[in-house]
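Report on the following structure.
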Amino acid sequence: MLTPKYPHPDTAPPATALVPEAPAPAPAVPATPLATRPTVQLTPGSALALAAGGGAVVLVVGAVLVSMLLAAAITGVSVALVAVVLRLLLKDLAKQG
């Protein structure tokens, strides 16, 4: 009933098709010294855009963290409220019984 069914051996691809040919090695790129590399120049517009983007990221991450903290606080308050109600109900039940 739950026995696996394997394909016949002749349906498998030939073993030579699975092995790709070895590619030619890439030529070595000479390392350039730090003095000849181009430096990045920040214009006032790009610096302002970078600061605005960083500020937006900080605001979004802060909003997410505050909302998670608020969710944990609301959960804790509701669990405490349920515990108080259950305690009062059990105390009232013990008085009647």
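Structural remarks
- Per-residue HN-Hα couplings for the range 74-86 [Karplus 6.51, -1.76, 1.60; θ = phi - 60°; Hz; x = Gly/Pro]: 5, 5, x, 5, 5, 5, 5, 5, 5, 5, 5, 5, 4
- Euclidean distance between Cα centres, the range 34-73 to the range 74-97, Å: 47 Å
No lab work stands behind these numbers, since they all come straight from the coordinates. Since we're looking at a predicted model, the values are computed, not measured.
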